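Enquirer: I'd like to ask you about the structure that follows.
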Amino acid sequence: MSDLRIRSASPADLDAVLAFWKTAAEGTSISDDRAGVERLVARDPRALLLAERGTELVGTVIAGFDGWRCHLYRLAVRPDARRQGIGSALLAAAEERFVALGGRRGDAMVLDRNERAHHTWQAAGYAPEQQWTRWVKPLVEEGA
């Protein structure tokens with residue numbers, strides 16, 4: 001894995017990231033569009049972390065910190081590069097970022113149906129909190 005490089009995304013990376021998520025991420029989000037990812041990178045330029053081998057994008061994670069909580073989204077690894085430590089390296093980089101910012105605990109958005117991801121998150125030391133349920137209200141129509 002010495003050839004793996006993790007860096008923050010720049011605006012020039014956003015189209016590649018959106019295309020990557022279509023093949024490597026489970027499910028889609030209302031924010032999976034150019035405008036949504038541009039807002040993320042403009043607000044917090046270090047939140048979107050990319051894992052690369054050479055010039056190839058092989059993984060992503062969003063490590064967002066709102067000053068109170070540390071949130072992880074969009075941990076995705078290219079299907080042919082899975083089980084090579086890329087996800088673990090991305091999570092380690094995200095956790096380092098959180099600690100440097102004063103974060104105390106990370107939480108992750110993980111699809112219930114994505115059992116492969118459950119194993120990844122458990123191996124990294126994360127566990128579901130049964131006492132919490134995520135409540136969601138879309139503020140705009142999807143695709144708007």
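The values are calculated or read from the model by the stated rules, or taken from the named source; none is laboratory data. These numbers come from a predicted model, not from an experiment. Every residue, glycine as well, gets a Cβ built from its backbone with ideal geometry; the counts of neighbours run over all protein chains shown. Please note that ligands, DNA and RNA were not included when accessible areas were found on the heavy atoms of the full protein model with its side chains. Shrake-Rupley method; radii C 1.70, N 1.55, O 1.52, S 1.80 Å.
Enquirer: Among the residues of the range 20-42 satisfying the criterion of being open to solvent by less than 60 Å² (accessible area, probe 1.4 Å) and out of contact with any Leu (no Cβ under 8 Å at 6 or more places or on another chain), which is farthest from R83 (Cα to Cα)?
Expert: Ranking the qualifying residues of the range 20-42, first place goes to A35.
Enquirer: Keeping to the range 64-79, report how many residues are among the hydrophobic types (A, V, I, L, M, F, W, C) and touching a residue at least 40 places away in the same chain (Cβ under 8 Å).
Expert: Selection size over the range 64-79: 3.
Enquirer: Okay, next question. When residues of the range 2-19 are filtered for being more than 25 Å from L139 (Cβ to Cβ) and either open to solvent by less than 80 Å² (accessible area, probe 1.4 Å) or part of a loop (DSSP other than H, G, I, E, B) (or both), how many remain?
Expert: Residues flagged as more than 25 Å from L139 (Cβ to Cβ) and either open to solvent by less than 80 Å² (accessible area, probe 1.4 Å) or part of a loop (DSSP other than H, G, I, E, B) (or both) within the range 2-19 amount to 10.
Enquirer: For residues in the range 95-116 being open to solvent by less than 60 Å² (accessible area, probe 1.4 Å) and modelled with pLDDT of 85 or more, which is farthest from the chain's Cα centre (by Cα)?
Expert: Looking only at the range 95-116, we keep the residues that are open to solvent by less than 60 Å² (accessible area, probe 1.4 Å), and these are 97-98, 102-103, 106-108, 110, 114.
With the extra rule that they be modelled with pLDDT of 85 or more, the set shrinks to 97-98, 102-103, 106-108.
Details: R97: 13, F98: 13, G102: 19, G103: 17, G106: 12, D107: 11, A108: 9 Å.
The extreme case among them is G102.
Enquirer: Cβ-Cβ distance below 7 Å, separation of 6 or more or different chains: which pairs start in the range 3-27 with a residue that is touching a residue at least 40 places away in the same chain (Cβ under 8 Å) and end on one that is among the β-branched types (V, I, T)?
Expert: So the pair list comes out as L4/I86; A9/V17; A9/V41; V17/V37; V17/T60; F20/T60; A24/V77.
Enquirer: Determine, yes or no, whether A51 is open to solvent by less than 70 Å² (accessible area, probe 1.4 Å), closer than 19 Å to V110 by Cα and in contact (Cβ under 8 Å) with a residue 40 or more places away in the chain.
Expert: Working: open to solvent by less than 70 Å² (accessible area, probe 1.4 Å): yes; closer than 19 Å to V110 by Cα: no; in contact (Cβ under 8 Å) with a residue 40 or more places away in the chain: yes.
Judged against the criteria, A51 is not a match.
Enquirer: Yes or no: the range 78-88 includes at least one residue that is buried (at least 18 other Cβ atoms within 10 Å of the Cβ) and of a type in the set (A, V, I, L, M). So that I can check it myself, show each step before the final result.
Expert: Step one: filter the range 78-88 for residues buried (at least 18 other Cβ atoms within 10 Å of the Cβ), giving 78, 81, 86-87.
Applying the additional criterion that residues be of a type in the set (A, V, I, L, M) yields 81, 86.
Yes, that holds for at least one residue.
Enquirer: Sticking with this one: Could you identify the single residue in R74, R46 that is open to solvent by 30 Å² or more (accessible area, probe 1.4 Å), under 19 Å from L14 (Cβ atoms) and touching a Phe, Trp or Tyr at 6+ places or on another chain (Cβ under 7 Å)?
Expert: Unique residue meeting the criteria: R74.
Enquirer: Please specify each residue of the range 90-144 satisfying the condition of being among the polar types (S, T, N, Q) and either assigned to a strand (DSSP E or B) or in contact with an Asp or Glu (Cβ under 7 Å, 6 or more places away or on another chain) (or both).
Expert: Filtering the range 90-144 for residues among the polar types (S, T, N, Q) gives 114, 120, 122, 130-131, 133.
Hit for the range 90-144 is N114, nothing else.
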